Amino acid sequence: MSHLTRVTGRPLGRLLGAVVLLAGGAGAAVLLAAGPAEAAPCGNAIAVGATCTLTGTLGVTTGTLSMNVPTALAWTAAENGADQQIVDPTPAQQSYLVNDATGSGAGWHVTVSATTFTATGPLTLANTGTFVTTGSITSEIAATAPTAACSSGSTCTLPTDTTTYPVAITTAATAPTAVNIYDTAAATGLGSITIGIGALPVGWWVNVPANTKAGTYTSTISLTLVSGP
């Protein structure tokens, strides 16, 4: 009886302390194994060390398909008794720029048509075999495409061109037929791209027969950018 009295007579605080110590020792693994708090949506106040989640959205709108081309083409031939193949010698006229900002990946192509080269007289050059373009300024018959490169400041997708060079452009007095001089496969040609930059410029050639009479021959040349391969 005296033993029981001594036990039950201990202060309650000391007994509770013993329970806490026992719980701390025996239950420590259970307490430490508790999982992390679930992330909550951002926008409300969160506690220090807590995590919230949010959604990031980027909207990309469509732009336009456009082209920058030379303002003129020009050739000079001096009669020498031989047939001549003359290329436009001006570097600024040996390239053009296509900007595909549509974001569609539909592809595009460039066409050219030209009226008959005509001088006062009237004098004319033949509609067939006079006007040619290719990816060279050293050979009219070069079977090479003009070099394409991303324009400065544009991460582009270079075009896949399937045009066969050289391209003969048949002229006509009225309603000349447009011919394809550059094309891109679908999903290529995206961004700003310069055609005819670097090693292989755009060569614009005219053939001048030895029996051509002197004069200033003029043609209306039309370049058109068309959506689609």
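The values are calculated or read from the model by the stated rules, or taken from the named source; none is laboratory data. Just so you know, these numbers come straight off a predicted model, no measurement behind them. Virtual Cβ from ideal backbone geometry, glycine too; neighbours counted across all protein chains shown.
A few points about this structure:
- Residue in the stretch 204-216 that is touching a helix residue (DSSP H, G or I) at 6+ places or on another chain (Cβ under 9 Å) and within 19 Å of Leu73 (Cβ to Cβ) present: yes
- Of all residues in the stretch 190-212, those satisfying the criterion of being in contact with a Gly (Cβ under 8 Å, 6 or more places away or on another chain) and not aliphatic (A, V, I, L, M) are Ser192, Gly196, Pro201, Gly203, Asn207.
- Taking the listed residues Val87, Val98, Val60, the one that is at pLDDT 95 or above and over 18 Å from Val206 (Cβ atoms) is Val98, with no other qualifying.
- Within the stretch 55-88, the residues that satisfy the criterion of being among the aliphatic types (A, V, I, L, M) and not in a loop (DSSP other than H, G, I, E, B) are Leu65, Met67, Ile86, Val87.
- Of all the residues in the stretch 152-174, those that are of a type in the set (A, V, I, L, M, F, W, C) and closer than 17 Å to Gly103 by Cα number 2.
- Condition check for Ser152 on (1) under 20 Å from the mean Cα position of the chain (by Cα); (2) surrounded by fewer than 19 Cβ atoms within 10 Å (Cβ to Cβ); (3) touching a residue at least 24 places away in the same chain (Cβ under 8 Å): one failure, at (3).
Rundown of residues vs (1) in the same structural domain as Val87 (by TED's automatic domain parsing); (2) buried (at least 16 other Cβ atoms within 10 Å of the Cβ); (3) over 17 Å from Asn68 (Cα atoms); (4) not hydrophobic (A, V, I, L, M, F, W, C), yes/no style:
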site: Thr160; (1), (2), (3), (4): yes, no, yes, yes
site: Ile169; (1), (2), (3), (4): yes, yes, yes, no
site: Ala173; (1), (2), (3), (4): yes, no, yes, no
site: Tyr182; (1), (2), (3), (4): yes, yes, no, yes
site: Ile195; (1), (2), (3), (4): yes, yes, no, no
